[in-house]
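Written below as structure tokens is the structure these notes are about.
The values are calculated or read from the model by the stated rules, or taken from the named source; none is laboratory data. Owing to the predicted nature of the structure, the values given are computational and were not obtained by experimental measurement. Positions of Cβ are backbone-derived with ideal geometry, glycine not excepted, and every protein chain shown enters the neighbour counts. Protein only, heavy atoms only, side chains kept; ligands, DNA and RNA dropped before computing areas. Shrake-Rupley method; radii C 1.70, N 1.55, O 1.52, S 1.80 Å.
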Amino acid sequence: MDQRSTVLLEFPAVRARLAEATSFLPSRRLAEGLEPSSDPVIVARALDETDQMRALLEERPGVGIGGAHDIGPAIERAARGGRLEPAQFLEIADTLDAASRLATMLADERRPLLRGLGQDLHSLPALRSTLARSFDPVGELLDTASPRLGGLRVAVRVAYDRLRRRLDALVGAELGSALQEPIVTLRNGRYVVPVKAEARARVKGIVHDASGSGQTLFIEPLVVVELGNAWREAQVAEAVEVARILDELSAFVAANAADLRETLGALARFDFWAAKAALSGEMGAVRPETAERFEVTLLSARHPGLTGRVVPIDIRLGDGYTALVVTGPNTGGKTVTLRTLGLLSLMHQAGLHVPAAPGSRLPIWLDVFADIGDEQSIAQSLSTFSGHLRSITRIVEAAGPGTLVLLDELGAGTDPTEGSALAQALLDHFIRAGTLIAATTHYAELKAYAHTTPGVRNAAVEFDLETLSPTYRLTIGLPGGSQAFAIAERLGLDQSIVADARSRLTESQRTFEATLAAIRTTEGETGDALDRARAAELRAADQLRIAEEERRRARRERDEAVRAARAEAERIVEDLRAEVSTARQALERETLTAASLDDAVSRAEAGLERLPAVEPNPEPEPVVPRTWRLGERARSRSGGWEGRIAALERGGKRATLEAGGMRVTVDVDDLVLASGGEATTDRGGAADAPASSASALRLDRANSVASSLDLRGARVDEALEALTRYLDDAGLAGLSKVMIIHGLGTGALRDAVRAEASDHPLVRALRPGERGEGGDGATIVEL
């Protein structure tokens with residue numbers, strides 16, 4: 001991007017604002033080095049970074065890099081073989097702790113860029129644990145830093161204690177009268193006592209210093225010289241060990257230099273992205289849509305550098321016209337319009353959100369050029385025509401298709417006639433070159449040019465004549481007036497002078513200004529109507545939003561009801577499974593009779609009745625109620641069971657179907673008449689009585705005969721007698737298959753049971769039990 005234009009459009013101010021939002025030096029350097037790009041891939045990636053980080057910060061407002069430091073210099077010093085200071089090791093430890101916490105948080109992050117950044121954060125647990133074992137929170141080496149350090153420090157303390165005790169004894173008694181003061185002090189790293197100069201001969205020792213007056217000599221007594229030497233030797237040994245430890249830890253850092261650099265870079269990127277997201281939130285900014293064509297749609301755009309009450313503006317360029325000529329009074333906001341368009345374009349291509357409304361669209365410009373003077377009037381004298389022309393000449397040479405050109409006060413600073421002619425020629429050139437251009441001017445000729453030239457559109461900034469202040473609203477489609485006469489009148493200029501100035505306008509100029517005023521009045525009325533329509537649209541949108549929220553609330557309540565019903569159904573199904581399990585255990589114990597089976601079925605059906613009702617989607621066809629009678633043959637629609645009605649229960653609402661010795665109870669509403677299902681009549685007379693008695697006997701047997709017989713533990717003769725009775729009862733009950741349990745044992749009972757059963761007249765076949773039926777310890781008999 002053109003660097004001069006970038007500065008003129010105040011992008012460095014946005015960059016400085018971004019840098020202030022960073023937390024440490026590496027990310028600040030990234031912010032200070034941010035530049036707009038013309039590569040669509042790079043721009044899209046940078047915008048994705050801002051999007052994903054802003055979403056993360058909205059979900060987790062407190063997330064950050066914690067106590068990370070700029071450990072880059074320490075890494076490079078260690079990599080070159082240098083020795084690090086304890087404070088640098090502490091910074092490395094703090095940075096690794098922050099990286100570990102952030103990596104853990106990003107490990108399950110669903111956003112791809114953040115998850116990828118987390119993979120570049122290396123916890124380095126070995127280095128972290130070593131540093132934690134070596135230093136205390138203030139940076140002092142711990143005794144655990146090496147096996148020898150603790151012992152050496154103990155030796156230093158012991159030597160020091162011996163030295164001080166001997167010195168205290170000398171000061172307290174032996175040398176009391178020879179001392180200036182009864183104290184022990186330090187000179188040149190050695191402990192000495194202050195001896196009076198005249199008592200020098202009484203104290204044998206080494207003179208290390210003297211007072212300024214010469215009256216006091218600082219002497220290390222000979223009797224403590226060896227103790228002092230021992231203390232110094234212990235200190236030296238400790239210092240050597242400390243140096244060795246620091247060298248070893250520095251080498252450890254150097255061995256992990258690559259991972260540390262990558263971790264520091266990832267932390268810097270995370271903090272940089274967080275700064276972009278924070279700036280976006282601070283400005284109330286959004287990500288604009290990226291236009292495929294070179295078209296601009298900025299809705300409610302605001303210049304990031306403005307403070308206080310900022311009036312948003314709508315800017316459109318490129319859709320039907322490629323040049324925009326902005327006119328209006330001084331301080332009306334013409335230059336701000338250009339700066340807003342240019343700066344927001346640069347921010348977008350630097351991966352930053354722009355302060356505008358959703359729905360805004362910006363292309364990826366190949367370059368952005370600007371020739372804009374300072375907004376303050378004092379700077380106008382500094383911007384000469386030649387200076388502007390030099391800048392425009394440079395832009396003419398470089399601008400082409402896919403570039404944005406912003407020119408402030410085009411053609412100003414020279415003769416108005418020649419200046420307006422030159423301005424029109426420049427606009428024609430840029431239109432032919434395929435650039436998109438926005439320019440400000442006061443020239444009436446350019447207003448007419450924009451009105452009559454294809455591809456050029458007028459725009460005006462509004463001005464409140466009552467308050468003599470700009471409204472900063474931009475209206476595209478109409479030229480603006482300079483309002484020089486009106487402003488002069490409001491500021492108190494003599495009316496005759498203003499009238500004289502008006503009279504000097506040509507008739508066409510007066511007509512043109514009057515027409516503009518009429519159009520602006522009509523435009524104002526239309527704008528008011530449009531505002532009312534927008535307000536109505538907003539109210540309708542609010543009502544739609546409320547209705548949508550109600551719909552979502554109803555859906556949530558429905559989903560909660562469905563979940564509760566499902567939970568209740570699952571509980572009932574578990575109860576049914578328990579019933580089935582109980583019945584199966586009873587069957588295995590041969591205690592399951594038809595009556596107990598009926599009870600189990602009734603409990604299961606009662607459980608099914610408790611299942612939450614689910615309304616079917618289509619309305620079921622109405623079922624004509626039928627009055628059922630005993631003996632009719634019916635079929636269950638839902639279960640498919642078919643048989644004769646053996647009993648009617650609960651006021652005729654439930655019926656018991658009987659077929660082949662088995663019975664099942666169902667709702668009568670679920671029954672349909674089976675073929676040949678008419679009830680048996682009394683035409684059989686007495687001849688049917690024996691059949692009825694046989695049926696009654698069969699029903700009675702069916703209610704009392706189990707489906708299996710357990711003979712384990714019985715003697716053979718007792719077992720065979722019980723077997724014969726059981727097979728007779730099973731035949732009467734209409735059972736088609738029964739199980740005889742005799743166990744394995746010696747096989748004598750098994751052989752006798754099978755021999756007896758094979759000779760029974762009701763037995764059709766028999767076989768050993770299969771896997772799951774007791775194996776050879778049981779015999780399956782078919783009747």
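List of remarks:
- Taken over segment 294-333, the residue count meeting the criterion of being open to solvent by less than 60 Å² (accessible area, probe 1.4 Å), in contact with an Asp or Glu (Cβ under 6 Å, 6 or more places away or on another chain) and of a type in the set (Asp, Glu) is 1.
- If the condition is being in contact (Cβ under 8 Å) with a residue 60 or more places away in the chain and either among the basic types (Lys, Arg) or in a loop (DSSP other than H, G, I, E, B) (or both), then segment 40-62 contributes Arg45, Arg54.
- Taking the numbered list (1) outside any helix (DSSP H, G or I); (2) open to solvent by less than 40 Å² (accessible area, probe 1.4 Å); (3) under 20 Å from Pro26 (Cα atoms); (4) in contact (Cβ under 8 Å) with a residue 40 or more places away in the chain in turn, Ile75 passes all entries but (1).
- For segment 446-463, taking the residues that are in a helix (DSSP H, G or I) and of a type in the set (Gly, Ala, Ser), the one that is most open to solvent (accessible area, probe 1.4 Å) is identified as Ala448.
- Being in a helix (DSSP H, G or I), in contact with a Phe, Trp or Tyr (Cβ under 8 Å, 6 or more places away or on another chain) and of a type outside the set (Asp, Glu) is not true of Leu18.
- For segment 122-140, the condition holds for at least one residue, the condition being that it is over 30 Å from Gly62 (Cα atoms), under 48 Å from the mean Cα position of the chain (by Cα) and touching a residue at least 60 places away in the same chain (Cβ under 8 Å).
- Here Arg60 fulfils each of the conditions (1) farther than 30 Å from Ser391 by Cα; (2) at pLDDT 95 or above apart from (2).
- Scope segment 248-293; condition under 18 Å from the mean Cα position of the chain (by Cα) and either farther than 25 Å from Phe24 by Cα or surrounded by fewer than 20 Cβ atoms within 10 Å (Cβ to Cβ) (or both); matching residues: Arg269, Ala278, Gly281, Val286, Arg287
- Complete set of residues in segment 395-432 that are open to solvent by 20 Å² or more (accessible area, probe 1.4 Å), farther than 17 Å from Val325 by Cβ, without any contact (Cβ under 8 Å) to a residue 40 or more places away in the chain and outside any loop (DSSP other than H, G, I, E, B): Val396, Glu397, Thr417, Glu418
- Cross-chain or 6+ apart pairs with Cβ under 7 Å, segment 283-308 first and among the acidic types (Asp, Glu), then surrounded by fewer than 19 Cβ atoms within 10 Å (Cβ to Cβ): Glu295/Gly318; Glu295/Asp319
- Scope segment 289-318; condition closer than 20 Å to Gly477 by Cα and modelled with pLDDT under 85; matching residues: Val311
- Filter result for Ala239 (part of a helix (DSSP H, G or I), surrounded by 15 or more Cβ atoms within 10 Å (Cβ to Cβ) and at negative phi): no
- Beta carbons closer than 8 Å, at least 6 apart along the sequence or on distinct chains, pair a first residue in segment 222-233 that is open to solvent by 80 Å² or more (accessible area, probe 1.4 Å) with a second that is in a helix (DSSP H, G or I) and modelled with pLDDT under 90 for Val223/Arg166; Val223/Leu170.
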